[in-house]
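Chemist: Have a look at the structure that comes next, please.
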Amino acid sequence: MKVIIPEPNRKKDDKPNPDSIVSKRHSEDCLPCRLVSGSGVVGIGGYIYSQAKHRPPGAGKNLIVCTALVTAYIGVARLVQIFPFGKK
């Protein structure tokens, strides 16, 4: 089976068009996008934390808990548009 990959239409020195439909569509962050991605990342943080409870005490468990907290913060930051997703 032979796979043919088409060549891109843009040259290497071309810049993307700021007036394109795609750039206009994604210029602002919509509420459903924030809800889905933010709640998903918070859920991942909760899952990581739940898995940390099964680990024996020690540095490994503490590292997993810290990872879970950072992941949950990123999800909350995405939901409410605070740093690093919103304005400083």
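None of the figures in this text is laboratory data; all of them are computed from the coordinates on show. Treat the numbers as computed from the prediction; the structure is a model and nothing was measured. A quick note on method: Cβ atoms are made from the backbone with ideal geometry, for glycine too, and the neighbour counts reach across all protein chains shown.
Chemist: Taking a virtual spin label 7 Å from the Cα of residue 73 along the C-beta vector, which residues in the stretch 38-57 bring their backbone nitrogen under 18 Å of it?
Modeler: Correct set: 38-39, 41-50.
Chemist: When only alpha-carbon atoms are used, what values of Rg and Dmax, in angstrom, describe the stretch 29-80?
Modeler: Cα-based Rg and Dmax for the stretch 29-80 come out at 12.5, 42 Å.
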